Every structure is written in C-alpha cells, then in structure tokens.
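**Q** Would you mind keeping the following structure in view while I ask a few things?
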C-alpha cells in the first residue's frame, strides 16, 4: 500500500466505496476469466501479443479486499439449530430434532462450511513472498464484523495481524517439470500476479462427522475388508448404533464437502470481488498440488510436511500439514488418534470451548452463558465410537483418512491487473467492465496517468 493510501482511511476511499457497493448480480453475470495481465505475453498463435506495460503488482489494499471477500471473518453465525439431547432409545432417533452441538465454531466467515469448522486456510504468493493467513482460531469482535463503513478501516491490519510469511520471494513452481499445465504455463504465478491457494484439512470435520454419525445411530464399516465394523460391535448389539455407512463413501463425500466445496467458495468470492474492483484473473486447476505443496525435491513449494505410509510402501507420500502453521488432526501432530478426537471434543466443550459458558469464545445469543449451559455434550458413547473408528483406520491403513489425503489443494485463484490493449485488439466491446477500464486511474492514479500519456 502506498504512503498516500496509508495516510487515508479505507472508508474514505472512493474506489473502495464503489467496489463495496458493486451490484451482486452484475458481478455474477459478468464474471469472466480474464487471464491476460500487464507484463504478460502470448508468443505464438492467432492471439499473439506482448504487453507494452511492465508487471504491476497488486498493492496491500487490493489484496486485503480480495482476502476479505474470499475468506474474511464476517461476524458470528447464528447457530439457529435444535439442541435437544440425543435420546437413548434408538427408535426415537427417527423423529429426533437435535444435534446443534455439531457446530465447531460460532465464527462466521465469507464462505459456508459444514458444522462451522472452516477447515480451509488461504495461502498466497506475490512478488514479495509466500504467506499463510491463519484464521483457524480467529474470532469475530461482534455479531456483524462490517456493520458500518468505518469497519473497513481495519481490513489491512486484519491481514497483517493474521498473516504469516513463510518464505521471501515468489513461490517457486518449476516451469519445466509438468507441474503446470501447458495452457496455464504462460501466465500462472508470473511477476506482478497474486496467486491464492486454499488448502483444506479433511481430518477436523471428518472426526466431527464420525461423532455426529454415531449420534444419528450410524457406524462406519470397512467396505474394503468385508464391511466389518470399524468400532466395537457391542455398540451395535446394545442398540446405540444400527445403520452402517461404507468407509470409502464417507471419505469421498468428506473430500467433496470440504476440499471440493470450501476452496471453490473462496475462489468464487475472490473472482466476484475482482469484477467489482476491476481486476483480472481466474479460478482454475491445471497445476500439480504434490509439487506445489512441497512433495518433491524439485521445489520447496509451500513447505508442507509429507509422510510415507508404512503399510503401503508403493503409495505416494501424503501432505499431513504445515508444521507450526496448519496442522491436521492426526499424528505426528497428536500422539495418536484418540488424542486427536479429544482435541476436537475440547474445541467444543473444553476450557476454551465454543460451548463452554466460562470460555472467552463469543456466541450470538443475548443470554450467552445461560444458553450455553443448556447445550448437551456429545455423549461419551459417541466419543468412544469415534476413537475406535479413527484408531481402526490408522491401524488398518497406516494413515488417516484411509483413502483420501489429510490435506488437499484443488483450486488456484490468480489476481492481476488486466492488460486492456490485448482485449481491445482481439475482442469486441464488452469483454471487460467499466471497473476494469478505470481501475488504474482510480486505484493507482500515477500509473493511470502515465499509461494515458503513453
């Protein structure tokens, strides 16, 4: 952020006001992938073009707005659920309305997440470095975090407070290893761009769901080993659970619900914000997460910790987490799977738990302490079933989860300044919005004036 903008309040900037109030349906209906940024080149083919302008990075304000739209804290979710305790009689589960305590956090974000777990964190890189935005334990300060215009003034400081710089310089992605698909090789992670990478932890919500399923009367069976129960069969005999769920079906659904959805929500939010701000960029795949997360000697990548499976020496090592930054709920970050389950239970009911009336965690209710005191705990039987299930998976498959990775990177979102001359040359009017046309003069007055003069 330039010195001039640093001295101004964000709430007083005209360009921010216009972007904040850009019509939603205009952004949706005019969302396009605008891949050609300033400083880029297509060297051959029918749309050969070399930008006459040097790369121009996004400033701190532009990045902060995209981050706020993509993964910002927006206040408190309402937790407007039924909270009745789980009945002991399994037949009563057919009409039971309860299980509100499936929530992991009351923290509201700009994107939805199953049970409010928000197990996806945003990594990004620009010309200056590689960063992680750590928001897993961050909490809102009020019901609506951006209730008034003046609340926008905290956007940049919010990013600074939660940003961890992992490395200096742009993320090293080898361009000669096949890690980047050919159609993205010319412009992905080039100078001047900001590349966002949402990485999802599957383990947190997976453990939570195993407890939730046990409360629903469901238990996991290993469909790769004769559909044998993954928990002690005494729970089935005594009638606490009676409905089997195949392990592979559950894990693939967890993969879709967390990595498949959460990264896409974040990406869609960022791309809609690009339309409002007049930035180019796009949401895409076409890059190899194994390399980008750091699973090969060819590149340091994001620096994730990879582990081999002792029970399957032919399997690729899996990314289990970023040591000290983004750690999954499994060994090596916990002694064993029992300890990982205990950690999820503590997030809800422990001394700092979201449902502990004596914790400092915020909740949306008028009578917070009284309300939280009435929330039933997860039954010990369901917790025990979760421990047995997670232990079974670890001991049988040598990893957790069994058939999907612990942490997953599926999507990339790149933001950049549009090279309008490329679109003027090859496309009819309408290929970009008025926000793109006037972006440089409104957001970067000196650069905009220089470009006009040229």
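The values are calculated or read from the model by the stated rules, or taken from the named source; none is laboratory data. A quick note: this is a predicted structure, and the numbers were derived from the prediction, not measured. Note that each Cβ is placed from the backbone with ideal geometry, even for glycine, and that neighbours are counted across all protein chains shown.
**Q** Between a first residue in the range 390-406 that is touching a residue at least 40 places away in the same chain (Cβ under 8 Å) and a second residue that is surrounded by fewer than 22 Cβ atoms within 10 Å (Cβ to Cβ) and in a helix (DSSP H, G or I), which pairs have beta carbons less than 6 Å apart while being 6 or more apart in sequence or on different chains?
**A** 400/394; 401/251; 403/248; 403/251; 404/251; 404/255
**Q** How about the range 280-389: which helices (runs of 4 or more DSSP H) wholly inside it have at least 2 residues that are touching a residue at least 40 places away in the same chain (Cβ under 8 Å), on the phi < 0 side of the Ramachandran plot and surrounded by 17 or more Cβ atoms within 10 Å (Cβ to Cβ)? Reasoning before the result, please.
**A** Details: elements: 289-292, 337-349, 368-373.
The qualifying helices (runs of 4 or more DSSP H) are 289-292, 337-349.
**Q** Being more than 30 Å from residue 445 (Cα to Cα), crowded, with 19+ Cβ neighbours inside 10 Å and touching a strand residue (DSSP E or B) at 6+ places or on another chain (Cβ under 7 Å) is the requirement here; does residue 124 meet it?
**A** Values: more than 30 Å from residue 445 (Cα to Cα): no; crowded, with 19+ Cβ neighbours inside 10 Å: yes; touching a strand residue (DSSP E or B) at 6+ places or on another chain (Cβ under 7 Å): yes.
For residue 124, the condition - more than 30 Å from residue 445 (Cα to Cα), crowded, with 19+ Cβ neighbours inside 10 Å and touching a strand residue (DSSP E or B) at 6+ places or on another chain (Cβ under 7 Å) - is not met.
**Q** Quick one: which residue in 421, 327 is modelled with pLDDT of 95 or more, under 23 Å from residue 304 (Cβ atoms) and out of contact with any helix residue (DSSP H, G or I) (no Cβ under 9 Å at 6 or more places or on another chain)?
**A** Numbers: 421 fails: under 23 Å from residue 304 (Cβ atoms).
Residue meeting the stated conditions: 327.
**Q** Can you pull out the residues in the range 99-113 that are more than 22 Å from residue 154 (Cα to Cα), crowded, with 17+ Cβ neighbours inside 10 Å and more than 12 Å from the chain's Cα centre (by Cα)? It would help to see each step written out before you state the result.
**A** Of the residues in the range 99-113, the ones more than 22 Å from residue 154 (Cα to Cα) are 99-105, 112-113.
Cutting the leftovers down to crowded, with 17+ Cβ neighbours inside 10 Å gives us 99, 101-105, 113.
If the condition is that a residue be more than 22 Å from residue 154 (Cα to Cα), crowded, with 17+ Cβ neighbours inside 10 Å and more than 12 Å from the chain's Cα centre (by Cα), then 99, 101, 102, 103, 104, 105 are the ones that fit.
**Q** Among the residues of the range 427-435, is there at least one that is over 30 Å from residue 258 (Cβ atoms), outside any loop (DSSP other than H, G, I, E, B) and at pLDDT 95 or above?
**A** Among the residues of the range 427-435, at least one is over 30 Å from residue 258 (Cβ atoms), outside any loop (DSSP other than H, G, I, E, B) and at pLDDT 95 or above, which makes the answer yes.
**Q** Also, I was wondering about something else. Tell me which residues, restricted to the range 143-161, are surrounded by 12 or more Cβ atoms within 10 Å (Cβ to Cβ) and in a loop (DSSP other than H, G, I, E, B). Walk me through how you get there before you give the answer.
**A** The first filter runs over the range 143-161 and keeps only residues surrounded by 12 or more Cβ atoms within 10 Å (Cβ to Cβ), leaving 143-146, 149-156, 158-159.
Correct list: 143, 145, 146.
**Q** Can you find, within the range 220-245, the residue that is farthest from the chain's Cα centre (by Cα) among those that are part of a strand (DSSP E or B) and farther than 23 Å from residue 328 by Cβ? Talk me through it step by step, then tell me what you get.
**A** As a first pass, look at the range 220-245 and keep what is part of a strand (DSSP E or B): 220-222, 228-229, 243-245.
This time we only want the ones that are farther than 23 Å from residue 328 by Cβ, so: 221, 228-229, 243-244.
Values: 221: 29, 228: 34, 229: 32, 243: 32, 244: 30 Å.
Here the residue is 228.
**Q** Moving on to the next point. For residues in the range 1-28 being surrounded by 11 or more Cβ atoms within 10 Å (Cβ to Cβ) and assigned to a loop (DSSP other than H, G, I, E, B), which is modelled with the lowest pLDDT?
**A** Across the range 1-28, the extreme among qualifying residues is 1.
**Q** Can you tell which of 188, 211, 197 is modelled with pLDDT of 95 or more, buried (at least 20 other Cβ atoms within 10 Å of the Cβ) and in a loop (DSSP other than H, G, I, E, B)?
**A** Numbers: 211 fails: in a loop (DSSP other than H, G, I, E, B); 197 fails: in a loop (DSSP other than H, G, I, E, B).
Among 188, 211, 197, only 188 is modelled with pLDDT of 95 or more, buried (at least 20 other Cβ atoms within 10 Å of the Cβ) and in a loop (DSSP other than H, G, I, E, B).
**Q** Can you run down the residue pairs with Cβ atoms below 9 Å, 6 or more apart or on separate chains, where the first is in the range 213-233 and free of Cβ contacts under 8 Å to residues at least 60 places away in the same chain and on the phi > 0 side of the Ramachandran plot and the partner is surrounded by 14 or more Cβ atoms within 10 Å (Cβ to Cβ) and assigned to a strand (DSSP E or B)?
**A** 227/221; 227/244; 227/246
**Q** Follow-up question, since we're still on this one. Is it the case, given these coordinates, that residue 402 is over 30 Å from residue 244 (Cβ atoms), modelled with pLDDT of 95 or more, touching a helix residue (DSSP H, G or I) at 6+ places or on another chain (Cβ under 8 Å) and not in a helix (DSSP H, G or I)? Lay out the reasoning, then the answer.
**A** Details: over 30 Å from residue 244 (Cβ atoms): no; modelled with pLDDT of 95 or more: yes; touching a helix residue (DSSP H, G or I) at 6+ places or on another chain (Cβ under 8 Å): yes; not in a helix (DSSP H, G or I): yes.
No; evaluated as a whole, the condition is false for this residue.
**Q** Please determine whether any residue of the range 168-183 is surrounded by 22 or more Cβ atoms within 10 Å (Cβ to Cβ), touching a residue at least 12 places away in the same chain (Cβ under 8 Å), touching a strand residue (DSSP E or B) at 6+ places or on another chain (Cβ under 6 Å) and outside any loop (DSSP other than H, G, I, E, B).
**A** Yes, the range 168-183 has at least one match.
**Q** Still on this structure, please answer the following. Of all residues in the range 262-287 being out of contact with any helix residue (DSSP H, G or I) (no Cβ under 8 Å at 6 or more places or on another chain) and over 14 Å from residue 122 (Cα atoms), which is modelled with the highest pLDDT? Before you say what the answer is, go through the steps one by one.
**A** Narrowing the range 262-287 to residues out of contact with any helix residue (DSSP H, G or I) (no Cβ under 8 Å at 6 or more places or on another chain): 262-265, 268, 271, 285.
Subsequent filtering for residues that are over 14 Å from residue 122 (Cα atoms) retains 271, 285.
Details: 271: 98, 285: 95.
That would be 271.
**Q** Identify the single condition in (1) touching a strand residue (DSSP E or B) at 6+ places or on another chain (Cβ under 8 Å); (2) free of Cβ contacts under 8 Å to residues at least 40 places away in the same chain; (3) under 30 Å from residue 25 (Cβ atoms) that residue 243 does not satisfy, given that it satisfies every other one.
**A** (3)
**Q** Follow-up. Go through 273, 259 for me and flag whichever is part of a helix (DSSP H, G or I), under 22 Å from residue 404 (Cβ atoms) and either touching a strand residue (DSSP E or B) at 6+ places or on another chain (Cβ under 7 Å) or touching a residue at least 24 places away in the same chain (Cβ under 8 Å) (or both).
**A** Numbers: 273 fails: under 22 Å from residue 404 (Cβ atoms).
Residue meeting the stated conditions: 259.
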